[in-house]
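Have a look at the structure below, then the notes.
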Amino acid sequence: MAERRVARRYDLSLPVIIRVPTERAGDSQQGKTRDVSTRGLYFVVDEKMESGSQVDITLTIPAEITHGSDVLIRALGKVVRVERRMEDGNARMGVAAVIERYDMFRGKAARA
């Protein structure tokens, strides 16, 4: 199968907070990214998510990676694929999401 991705993917394992806006306000899941690009990301969480769901994504890229200051990314996206996966003997959910809109904040705003 030919590669269909246009944007370069970066293998990054970063903490990520995921909220599904249509569900109860304030509910969020914590997970880890596996790869990130400007158009999407793949992350792993404990609880099931539905393909087609809108998601609110928050992650911080640390200064060690940006070679400057921390960068906070807030993004809105949509789940395009969900798959069960085993990690360290635990069943988890792998989620691919396309990013529809994002904002970046550098420096002190990234630590807020």
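The values are calculated or read from the model by the stated rules, or taken from the named source; none is laboratory data. Given the structure is predicted, the values throughout are model-derived calculations rather than measurements. Cβ placement follows ideal geometry from the backbone for every residue including glycine, while neighbour counts extend to all protein chains displayed. Only protein heavy atoms, including side chains, enter the accessible area calculation; ligands, DNA and RNA are left aside. Shrake-Rupley method; radii C 1.70, N 1.55, O 1.52, S 1.80 Å.
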Checklist outcome for this item: Heavy-atom accessible area of the stretch 40-90 with neighbours in place, 1.4 angstrom probe: carbon+sulfur share in percent works out to 46
Checklist outcome for this item: The extension gain from residue 39 to residue 98, computed as 0.36 nm times the residue separation minus the Cα-Cα distance, is 20.6 nm
Checklist entry - Mean separation of Cα pairs under 8 Å and 6+ residues apart, divided by the residue count of the stretch 58-98: what relative contact order is that in percent? => result 31
Checklist entry - If you stretched the chain out fully between residue 66 and residue 91, how much longer would it get, using 0.36 nm times the residue separation minus the C-alpha to C-alpha distance? => result 5.8 nm
Checklist outcome for this item: Expected vector for the stretch 61-73, Karplus 3J(HN,Hα) from phi with 6.51, -1.76, 1.60 and θ = phi - 60°, integer Hz, x for Gly and Pro, equals 8, x, 4, 4, 8, 7, 6, x, 10, 4, 10, 8, 10
Next on the checklist: Restricting to DSSP H runs of at least four residues, report the calculated mean residue ellipticity at 222 nm for the chain, -39500 (n - 2.57) per run over all residues, nearest 500 deg cm²/dmol.
Outcome noted: -500 deg cm²/dmol
Item to check | Burial order of peptide ranges 59-66, 72-79 (average beta-carbon count within 10 Å, highest first) | outcome: 72-79, 59-66
